[in-house]
Amino acid sequence: MKLLMIFADVFEYQPTIKVLESFDEVENGSSLSGQLVAFIHAEETDMQNEEDVMVKLVKNLKWAAKKNGVMNVVLHSFAHLSESKASPEFTKGLFDKVESKMKNADYIVHQTPFGYFLDLNMKAPGYSMARVFKSF
């Protein structure tokens, strides 16, 4: 698992090109304010350790959200942080489970459209805990 977390004052996205036909059709983007944006890359080895990976991912998201004083988290699939990739179905399933666990802990969770290239617009402040990378 590779995880890049960026606190964003503003995070906006618009779906542009659908690249995975088996996932939901999405036309509309969104504009969000004051959240932790998690750029998540699930690797092939994560598929053998799903429970461990999920626990570590939730723990890191909660930690970084707390450090930035927010309860809003965006899960964004970003399969560009490693050469090894988990299957799209595994990754989407992992996102859904992580979202459920985070919501059970009173976090507000948003997932960007899965299986799309997105136009992104982000405004992120420049302080140390606003950008954190983890590999596990």
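The values are calculated or read from the model by the stated rules, or taken from the named source; none is laboratory data. What you see is a predicted model; the values in this text were computed from it and never measured. We place every Cβ from the backbone using ideal geometry, glycine too, and count neighbours over all the protein chains shown.
Details
- If only residues of segment 69-101 that are among the aliphatic types (A, V, I, L, M) and within 12 Å of the chain's Cα centre (by Cα) are counted, the one that is surrounded by the most Cβ atoms within 10 Å (Cβ to Cβ) is Val73.
- Residues located in segment 1-43, provided they are within 17 Å of the chain's Cα centre (by Cα) and acidic (Asp, Glu): Asp9, Glu12, Glu43
- The requirement of being at pLDDT below 95 and of a type outside the set (Phe, Trp, Tyr) is not satisfied by Ala86.
Conditions (1) within 23 Å of Asn104 (Cβ to Cβ); (2) in contact (Cβ under 8 Å) with a residue 24 or more places away in the chain, marked per residue:
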residue	(1), (2)
Val26	no, yes
Gln48	no, no
Lys56	yes, yes
Ala65	yes, yes
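- Single residue of segment 28-46 satisfying the filter (in contact with a Leu (Cβ under 9 Å, 6 or more places away or on another chain) and within 20 Å of Val109 (Cα to Cα)) that is surrounded by the fewest Cβ atoms within 10 Å (Cβ to Cβ): Gly29
- Take the conditions (1) farther than 20 Å from Arg131 by Cα; (2) in a helix (DSSP H, G or I); (3) small (Gly, Ala, Ser); Ser84 misses just one of them, which is (2).
- Applying the criterion of being more than 22 Å from Ser30 (Cα to Cα) and assigned to a helix (DSSP H, G or I) to the residues of segment 98-136, the residue that is modelled with the lowest pLDDT is Ser128.
- Flag for Ala8 being at pLDDT 95 or above, of a type in the set (A, V, I, L, M, F, W, C), assigned to a strand (DSSP E or B) and over 20 Å from Glu89 (Cβ atoms): yes
- Sole residue being touching a helix residue (DSSP H, G or I) at 6+ places or on another chain (Cβ under 7 Å), closer than 18 Å to Met129 by Cα and not acidic (Asp, Glu), chosen from Asn72, Asn68: Asn68
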